[in-house]
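Contents: one structure, followed by commentary.
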Amino acid sequence: MYRTIDPEHIIATLETLKRRITERFPSASLARVCAELIAVAGESRARTARIAAPDYGLRAGAAAVILVGIALVVVAAQQLKVKTEDTNLYGIIQGIEAGFNIIVLAGVAIFFLLTFEVRWKRRQAMAGLHELRSIVHVIDMHQLTKDPTTLSDAASATASSPQRTMSAYDLGRYLDYCSEMLSLTAKVAALYAQSSKDAVVVAAANDVGTITTNLSNKIWQKITIVQQMAGRDAP
């Protein structure tokens, strides 16, 4: 049971995180971002289930088209009449070239049909991963203005400075929620890598994981500064 990622547990963890954010920061838009992430996670759960399951409809359609194509080629070949008289070397070469072209085109068509399911599922997976990548940057936008240096006594605001009313503890909790959301977003992306053996999909999912890790490291640098300032101001 611990060898695969369960999307139900990811969604349940996200729902708990949303409640934690709402209870501590009722007016923060970060809770709405988490709600959107929950919706995307639910869509990803259904999408990855379809990706992992074989699509017998597409396979049957591809097989039918291939069989019809082969049958048409056989029928056309039976209608050909080969004239052996007046046949020269140039005519033989032309015939060989035409036959080779037909074989190449038939091979390309068969390859296209046989790999259509893979490419269709890849498109579905990449669409879901693109949504997750966008949410990652939305989460990052919400923590950009949470600057721990404003907790310093020497900090001064300007007319265009964002309003900062959080205590050191609340600021640390807010940044921690952002880090948790990034980590859970990477877990949703991992569902696509788990459901597909396509190297392109696996690489894209790993890319989302790398982005979230890098952004989370930056957030934890801020959390470390907040903890240092809180420890300095403690009696």
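Scanning the stretch 1-27 for residues that are surrounded by fewer than 15 Cβ atoms within 10 Å (Cβ to Cβ) and among the aliphatic types (A, V, I, L, M) gives 1, 12.
For every residue, the table says whether it meets (1) within 15 Å of residue 178 (Cβ to Cβ); (2) not acidic (Asp, Glu).
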residue: 3; (1), (2): no, yes
residue: 6; (1), (2): no, no
residue: 11; (1), (2): no, yes
residue: 14; (1), (2): yes, yes
residue: 18; (1), (2): yes, yes
residue: 21; (1), (2): yes, yes
residue: 26; (1), (2): no, yes
residue: 32; (1), (2): yes, yes
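Selection of first residues in the stretch 212-223 that are in the same structural domain as residue 139 (by TED's automatic domain parsing) and free of Cβ contacts under 8 Å to residues at least 40 places away in the same chain and of second residues that are assigned to a helix (DSSP H, G or I) and surrounded by 19 or more Cβ atoms within 10 Å (Cβ to Cβ), restricted to Cβ pairs under 6 Å at least 6 apart or on distinct chains, gives the following pairs, ordered by first then second residue: 216/179; 216/182.
Do we find that residue 127 is small (Gly, Ala, Ser) and either surrounded by 19 or more Cβ atoms within 10 Å (Cβ to Cβ) or within 25 Å of residue 213 (Cα to Cα) (or both) in this structure? Yes; evaluated as a whole, the condition is true for this residue.
Return a yes/no flag: does the stretch 145-154 have any residue that is part of a loop (DSSP other than H, G, I, E, B), small (Gly, Ala, Ser) and outside the structural domain of residue 25 (by TED's automatic domain parsing). Yes, some residue in the stretch 145-154 is part of a loop (DSSP other than H, G, I, E, B), small (Gly, Ala, Ser) and outside the structural domain of residue 25 (by TED's automatic domain parsing). Annotation note: Cβ proximity below 9 Å between a residue of the stretch 58-78 that is under 20 Å from residue 120 (Cβ atoms) and a residue that is of a type in the set (D, E, K, R) and at pLDDT 75 or above (sequence gap 6+ or interchain) occurs for 58/117; 59/117; 62/117.
For residue 223, the criteria (1) under 9 Å from the mean Cα position of the chain (by Cα); (2) β-branched (Val, Ile, Thr); (3) under 20 Å from residue 170 (Cα atoms) hold in every case but one, which is (1).
In this structure, residue 188 does not qualify as modelled with pLDDT of 95 or more and touching a Lys or Arg at 6+ places or on another chain (Cβ under 7 Å). Taking the listed residues 134, 183, 179, 161, the one that is of a type in the set (S, T, N, Q) and in a loop (DSSP other than H, G, I, E, B) is 161, with no other qualifying. Across the stretch 43-62, a minimum of one residue is classified as at pLDDT 80 or above, farther than 30 Å from residue 188 by Cα and surrounded by fewer than 11 Cβ atoms within 10 Å (Cβ to Cβ).
The values are calculated or read from the model by the stated rules, or taken from the named source; none is laboratory data. Owing to the predicted nature of the structure, the values given are computational and were not obtained by experimental measurement. Here Cβ is always computed from backbone atoms with ideal geometry, including for glycine, and neighbour counts include all displayed protein chains.
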